[in-house]
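Here the structure comes first, spelled out in structure tokens, and everything after it is commentary.
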Amino acid sequence: MASNTDREMILADFQACTGIENIDEAITLLEQNNWDLVAAINRVIPQENGILQSEFGGETVQGPVFGPAAQPATSTDTAPPSSSSASAFHPAVSGRQVVERLSRMLDFKIEYRDKTVDVVLDDSCVVGDIKQILENELQIPASKMLLKGWKSGEVEDSTVLRSLHLPKNNNLYVLTPELPVPSMSSQSCTLPESLNQTYLLIISHREVQREYNLHFSGSCTIQEVKRNVYDLTSIPVRHQVWEGWPPAAADSMTLVSSGISYPCHRLTVARRTSPVQTREQSEESPSQQCTDIHMISDSDGDDFEDATEFGVDDGEIFGMASSSALRKSPMMPENAENEGDALLQFTAEFSSRYGECHPVFFIGSLEGAFQEAFYGKARDRKLLAIYLHHDESVLANVFCSQMLCAESIVSYLSQNFLTWAWDMTREANRARFLTLCTRHFGSVVAQTVRTQKTDQFPLFLIIMGKRSSNEVLNVIQGNTSVDELIMRLISAMEIFSAQQQEDIKDEDEREARENVKREQDEAYRLSLEADRAKREAQEREIAEQYRLEQIRKEQEEEREAIRLSLEQSLPPEPQEEHSEPQSKLRIRTPSGQFIERRFLGSSPLQVVFDFVASKGYPCQEFKLLSTFPRRDITQLDPCRTLMDLKLYPQETLFLEAKE
């Protein structure tokens, strides 16, 4: 028995091979064949795609099919295949080989200037086949064409369509840069690259005296502009009266080819006189009134749109209240690439339909909603409510107006939930959400959403963020009441609150541990800084001591050099038997020792000072004193002789350090 994941892959392969878009029908066919892909394809393909069988080897051959008539049928015929068709598949061919051999039909809507060409062919064809068809339709050589609009970037003419993995419906456009552009006005001869330019249209609504600043790409048609203006002003396209378009402009033209000013162009729109006013102003016969109505309805080429608008105006003719809601603009653009821009349009359209009292929808991607709801502080986290809208559901208006916009629901959602929305009406948007759903919630939830029928919409998905994955707590369908909706929201909130309390406790414990770790790290850092400061102080002290020691050594070396110099410059000590008068001086040092020397009586006092300094007692630091009478010899004139100073024939002196 295949698992849910295998079944989903088998279902996708089966739909790709057979072209059956109805999921319920595809699942039914697979279940009838016990989820055997090859058996199911053998049962459906002969009726669906008209595959031709070969008599040799049982191989399947299918050539390219062109034109609208070649689109695959969606027949629900499940009759068993005939023997001839059953023999088309060789028993040795595996399921994957069959899948690779079969083709899908692709629809292309290709625009060239004011023309649109519809091309249908299978994905086994190449890009060059499309150009060959366009060559016949547009009368343009295929070599002159540039086929643009591929989502996968630039492609070659030999590229097989299957390798591009294209959706069923595709929009392309043709550029012919080597061919001259037909001249319509002085501004219409623009380069093909201008299709990507953005035009700013400043549109003045005359009745309400209001301006709209609208941005459109150069490839947008005037008809699309008018339909967008209808969404803003509620003036049907066939009742719009415009001023400012170039004289040669037609509704099927693109803005590039229309000749409007780039990058900004001003226009004025007003409402044409309605049939109601015409009936009030003139009492004409019913047949004449019908003629007038027919003439007005035929004044514009909007087939489907005019039929809808005619129903509205027809009510006005018979005095019925008009309702602009009969024609609704889409909640979201198809193939919305930017989720934030799509949500902006969704919110604006939702407000215009159901009023300003509605849940506040998160503007941004689904990943952004996860970040906002689940990945903040535990106390600030919320449940995520995903609202899935479907315009074709009969429950949509009732659910939105009576339940989703109820004040109690709006208040409860705003306090406890973060609300994100998506529109499932268009197939491309539906496929995009299912891809997001599979990525974030798993294939089971995606399959649950995929199997919901249109009349079961709108859906409300209640999501709770968990550590490892996101859990879908509840899927609420549109056939519910306000009381049931609020009770299911409260029930989900109770589950979330219990989980939130655990998360808050875990977060508090984690923060406490982190605080302790931070305090320990801070204490360790302070300890390191203290040790470093102490070490630096010691190093500074050692450096200072070394510096002082160096100074002291230098001073001692200098003093020793001076002492030696004085010692060498002293005159020699006279002998005792010298004939000249001599003076014998006995000098007592501060340490109590005595030094003695003989000097000539005619020697100046400076010789005694030099002798004392040569012994390490310079006069700058020591005083030389006599005993009787007590006098400071260092204060006397050093040029006077010893005999003049009465230091003759002998004298006892002592040294004393200066203060």
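A few points about this structure:
- For the stretch 430-472, carbon and sulfur atoms together expose 47% of the accessible surface, with a 1.4 angstrom probe and every protein chain in place.
- In range of the label at residue 144: residues from the stretch 193-236 whose backbone nitrogen is under 14 Å from the point 7 Å along Cα→Cβ: none
- Figure legend: label point modelled 7 angstrom from the Cα of residue 564 along Cα→Cβ; residues of the stretch 614-631 with amide N under 19 Å from it are 614-618.
- For the stretch 132-149, the residues whose backbone nitrogen is under 11 Å from a point 7 Å from the Cα of residue 178, taken along Cα to Cβ, are 141-146.
- In terms of accessible area, using a 1.4 Å probe and ignoring ligands and nucleic acids, 553, 168 rank largest first as 553, 168.
- Treating r as the C-beta distance of residue 632 and residue 602 and R0 as 25 Å, the FRET efficiency rounds to 0.65.
- List 344, 642, 166, ordered by accessible area with a 1.4 Å probe, largest first: 344, 166, 642
- Accessible surface ranking that places the most exposed of 165, 390 first, with a 1.4 angstrom probe: 165, 390
- Relative contact order of the stretch 564-626, pairs being alpha-carbon contacts under 8 Å that are 6 or more residues apart, as %: 33
- R0 of 25 Å, Cβ-Cβ distance residue 594-residue 621: FRET efficiency to nearest 0.05: 0.80
- Of the whole protein surface, residue 133 contributes about 30 Å² of accessible area at a 1.4 Å probe radius.
- In this structure the stretch 327-394 gives 46 Å² per residue of accessible area when probed at 1.4 Å with all protein chains present.
- Rounded to the nearest 10 Å², the accessible area of residue 245 at probe 1.4 Å: 50
- Cut-off 10 Å between beta-carbons: net charge of the residues surrounding residue 393, Lys and Arg +1, Asp and Glu -1: -2
- Heavy atoms of residue 253: accessible area, 1.4 Å probe, square angstrom to 10: 20
- Förster-model FRET efficiency, 41 Å R0, residue 204 and residue 451, C-beta, rounded to 0.05: 0.25
- Binning the C-alpha pair distances of the stretch 548-659 at 10 Å intervals from 0 yields a P(r) profile of 14, 45, 31, 9, 2, 0 %, listed from the shortest bin outward.
- Convex hull of Cα atoms in the stretch 422-517, direction-averaged projection (nm²): 7.9
- Based on C-alpha pairs under 8 angstrom that are at least 6 apart in sequence, the stretch 370-503 has a relative contact order of 31 percent.
- Relative contact order (percent, whole number), the stretch 510-659, Cα cutoff 8 Å, 6+ residue spacing: 23
- Packing rank of 541-549, 364-372, where each peptide gets the mean count of other beta carbons within 10 Å, highest leading: 364-372, 541-549
- For the stretch 456-534 versus the stretch 385-412, the spacing of their alpha-carbon centroids is 28 Å.
- The stretch 541-659 - accessible surface per residue (Å², probe 1.4 Å): 66
- Here the stretch 537-611 has an Rg and Dmax of 19.5, 67 Å, counting Cα atoms alone.
- Electrostatic tally near residue 574: other residues with Cβ closer than 11 Å to its Cβ, Lys and Arg +1, Asp and Glu -1, net -1.
The values are calculated or read from the model by the stated rules, or taken from the named source; none is laboratory data. Just so it is clear, the structure is predicted and the values come from calculations on it, not from any experiment. Backbone-built Cβ (ideal geometry, glycine too); neighbour counts: all protein chains shown. Protein only, heavy atoms only, side chains kept; ligands, DNA and RNA dropped before computing areas. Shrake-Rupley method; radii C 1.70, N 1.55, O 1.52, S 1.80 Å.
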